[in-house]
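Following: one structure in structure tokens, then a few remarks.
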Amino acid sequence: MSAAVQLESRFPMPIPIGWYIVAYSDELNVGEAKSIRYFGQELALYRGQDGKARLLDAYCRHMGANLADGEVIDNTLACPFHAWQYDETGAVTHIPYAKVIPPKVRKPCIKSWPLVEDNQAIWAWYHPDNAQPSWKVKTYPETVSDEWTGLAKREWFINTHSQEMAENAADIAHFKYVHGTAEFPSEGVVEYDGIYRNGYVDAKMDTGKGQIDGKIENGNIGPGQSWTRFSIVVETFMMSSITPIDGDHVHVRFAFTNRKEDMAGPMKNVPGAFIKEIEKQLEEDKPVWERKIYLPTMTLCDGDGPVKRIRDWYNQFYVGFENL
Ligand code: FES
Ligand SMILES: [Fe+2]
């Protein structure tokens, strides 16, 4: 059970601890195994016949085959090479051609990752020293309610670190120069409380009949779980997760949902416009993120937003690193 090895990353900060989406629930069928690569590691995700998802380190202790290519048997994962079966703790429970299971593998011998299924997604807990979760995944009523639509999913693969993306929210000046907004938006009211960061900002939307007032609320629960609720004309809820693939690549997932009754009404086109705007903004930021470097000491001016505050908040999620 070794910690992630991060080679020649563009960033000095390691992968932050937290819960991250590693798949949507509907991407993993009962009895299916999947190869995934996150946190700089090869992993085997599978769903047992009991419907429960499990996540193991990928490499079999026998001769190193990749378990993700194996077969789900009952609630175990059988290696594709010689059919050794692993249970959810990472212990070998059956070798079809042996009388005795070697004692070394009879107990957990590969890492079993803390996993939670919620909000129509499968969340894995990352900690470089394999410490157990220190908080829970937040359940969003919108993603588990029949009154809200199925998730409209968008995803991106970006060569950056999640802290760089988080800093974007407080970087009010870039909105004008990267996103072309007329004004510098206000960061709004932001509260930091332990692993939580919550924001509230008044928002206006131009319509054919003048401006409409609304509000945007957002929150982070650690570095890997965040949400935004746009209440402008209709309510749109966005769940997001930025999952580290390794030290300098992330898999970004945004998933949108709306009240079914709104989507049947005259305002049904409004959410689509939001989604387009968010996609546009992310694609405008992406080339900047992919080409920039991390400066341990920024030179900020009086018109900049409180970017440093986000760095300070991020420090609690690092083991062995601190933003200055
Ligand atoms: S390598 Fe996995 S059973 Fe042999
Ligand atoms: Fe941006």
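Miscellaneous remarks
- Residue that is surrounded by the most Cβ atoms within 10 Å (Cβ to Cβ) [pool: residues in region 113-130 that are over 17 Å from K52 (Cα atoms) and not polar (S, T, N, Q)]: Y126
- Which numbered condition I110 misses (of (1) part of a loop (DSSP other than H, G, I, E, B); (2) within 16 Å of ligand 1 (Cβ to nearest atom); (3) surrounded by fewer than 19 Cβ atoms within 10 Å (Cβ to Cβ)): (3)
- Odd one out for A68, checked against (1) crowded, with 18+ Cβ neighbours inside 10 Å; (2) away from ligand 1 (no atom under 15 Å from the Cβ); (3) not in a strand (DSSP E or B): (2)
- Failed item in (1) in contact with a Lys or Arg (Cβ under 9 Å, 6 or more places away or on another chain); (2) farther than 19 Å from S25 by Cβ; (3) not assigned by TED's automatic domain parsing to the domain that holds G272, with L115 passing the rest: (2)
- Of all residues in region 86-99, those satisfying the criterion of being within 17 Å of K111 (Cα to Cα) and free of Cβ contacts under 8 Å to residues at least 24 places away in the same chain are D87, T89, A91, T93.
- Positions within region 165-191 being farther than 22 Å from K286 by Cβ and loosely packed, with under 14 Cβ neighbours inside 10 Å, in sequence order: A182, E183, S186, V189, E191
- Within region 174-214, the set of residues being hydroxyl-bearing (S, T, Y), touching a residue at least 12 places away in the same chain (Cβ under 8 Å) and within 25 Å of M267 (Cβ to Cβ) comprises Y200, T207.
- Of the residues making up region 146-164, not a single one is of a type outside the set (F, W, Y), within 16 Å of ligand 2 (Cβ to nearest atom), closer than 17 Å to R309 by Cβ and surrounded by fewer than 18 Cβ atoms within 10 Å (Cβ to Cβ).
- Yes/no for L7 being outside any loop (DSSP other than H, G, I, E, B), away from ligand 2 (no atom under 16 Å from the Cβ) and either modelled with pLDDT of 95 or more or within 25 Å of W156 (Cα to Cα) (or both): no
- Single match in K276, K286 (criterion: part of a helix (DSSP H, G or I), away from ligand 1 (no atom under 16 Å from the Cβ) and either in contact with a Cys (Cβ under 7 Å, 6 or more places away or on another chain) or more than 25 Å from Q120 (Cα to Cα) (or both)): K286
Quick grid of which residues meet (1) of a type outside the set (V, I, T); (2) closer than 20 Å to A124 by Cα; (3) touching a residue at least 24 places away in the same chain (Cβ under 8 Å):
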position	(1), (2), (3)
N29	yes, yes, no
Q41	yes, yes, yes
D57	yes, yes, yes
V72	no, yes, yes
W84	yes, no, yes
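- So Q163, is it farther than 23 Å from V288 by Cβ, of a type outside the set (A, V, I, L, M) and out of contact with any Gly (no Cβ under 6 Å at 6 or more places or on another chain): no
- Residue in region 271-286 that is surrounded by 19 or more Cβ atoms within 10 Å (Cβ to Cβ), closer than 21 Å to W148 by Cβ and touching a strand residue (DSSP E or B) at 6+ places or on another chain (Cβ under 9 Å) present: yes
The values are calculated or read from the model by the stated rules, or taken from the named source; none is laboratory data. Predicted model only: the values in this text are computed from it and were never measured. Neighbour counts run over all protein chains shown; Cβ positions are idealised from the backbone, glycine included.
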